[in-house]
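**Student:** One structure is given below, represented as structure tokens, and several questions about it will come after.
What follows draws every value from the coordinates through simple rules; no lab data is involved. Values in this document were obtained by computation on a predicted structure and should not be read as measured data. Cβ atoms come from the backbone with ideal geometry, glycine included; neighbour counts cover every protein chain shown.
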Amino acid sequence: MQTNLLSYSDADKQKARLELAKIRADIYDKQKYSELLCNGIEALKEYKDADVILLYFPTRSEPDISPLADIARRDGKKIAFPISVTKDCTLDFRLVSSLDELETGAYGIREPRADAKRATLSGRTLCIVPALAVDADGYRLGYGKGYYDRFLSAFKGNTVVAIHSSLVCERLPRNDTDIPVKTIITETGAIRLK
């Protein structure tokens, strides 16, 4: 696996966030790279076998994987986006049939309305997990609130991070509550993790 050789100790989490956010902000042609990530996810066996796809709406210069919503619906899959439950930093995935059903929610991120039907999750659910960066073991660096790690601790389906190859590091800071993903998709292809 090719990585950018950046490595951070567990004490360097804030430094890592600042440096990696700068790298991500400087990525050129974000639309083309987002398209390549969507194509890479669509080609995965885990995508083809999934009946529900858990997506997120991009923020903070994240790649735009929202076109997968239309692709997945065309492929006969259900799609869901998270509602951020701020009182306990958890995620509640709700089904939508269109991006038009999303509204501005917590942290200014578009999410389903509170009355949207809750998604039923199983081993055939594929979760696309956001990340500022990911390392060679599948550990992500997020924004520090732990929403996805709480969710993934009980999730039985498959997990994918879609990210630019320059943000795949040798090692990122981690702790006992961090949950690694199973697959990384970059603009150059898939990286499957043990």
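**Student:** Among DSSP beta bridges lying fully in the range 10-188, give the percent that are antiparallel, nearest 5.
**Tutor:** On the way: 13 of 27 bridges.
The antiparallel proportion sits near 50 percent.
**Student:** Inverting the mean 1/r over all pairs of different Cα atoms, compute the Kirkwood radius of the range 14-87 and quote it in Å.
**Tutor:** Here the Kirkwood hydrodynamic radius works out to 14.0 Å.
**Student:** For ASP70, what is the net charge nearby, where nearby means another residue's Cβ is under 14 Å from its Cβ and Lys, Arg count +1, Asp, Glu -1?
**Tutor:** Spelling it out: positives minus negatives among the neighbours equals -2.
**Student:** Counting other Cβ atoms within 10 Å, which trypsin sites (Lys or Arg not before Pro) in the range 32-110 have at most 10 and lie in a DSSP loop?
**Tutor:** LYS87
**Student:** Continuing with the same structure: At a Förster distance of 30 Å, what's the computed FRET efficiency of GLN31 paired with GLU103, Cβ-Cβ distance as r, to 0.05?
**Tutor:** 0.80
**Student:** Moving to a separate point now. Å³ per residue of the Cα convex hull, for the range 114-191?
**Tutor:** Output value, Cα hull per residue: 111 Å³.
**Student:** Also, quick follow-up: List the pairs from LYS15/LYS156; LYS30/LYS182; LYS30/LYS145; LYS15/LYS78; LYS145/LYS182; LYS77/LYS182 whose alpha-carbon separation is above 30 Å, in the order I gave them.
**Tutor:** Violating the 30 Å limit, Cα to Cα: LYS15/LYS156; LYS15/LYS78.
**Student:** Taking one equal scatterer on every alpha-carbon of the range 51-113, how large is log10 of I(q)/I(0) by Debye at q = 0.14, 0.16, 0.25 1/Å?
**Tutor:** Debye output, listed in q order: -0.37, -0.49, -1.10.
**Student:** Further, regarding this structure: Based on alpha-carbon atoms only, what is the radius of gyration of the chain relative to the globular estimate 2.2 N^0.38 Å?
**Tutor:** Compared with the compact-globule rule of thumb, the chain sits at 0.96.
**Student:** Mind sorting CYS169, CYS89, CYS127 by how few other Cβ atoms lie within 10 Å of their own Cβ, fewest first?
**Tutor:** CYS89, CYS169, CYS127
**Student:** What full-extension length gain, to one decimal in nm, is calculated for ASP75 and THR177 as 0.36 nm per residue of separation minus the Cα-Cα distance?
**Tutor:** Working: separation 102, 0.36 × 102 = 36.72 nm, distance 3.44 nm.
The span from ASP75 to THR177 would gain 33.3 nm if fully extended.
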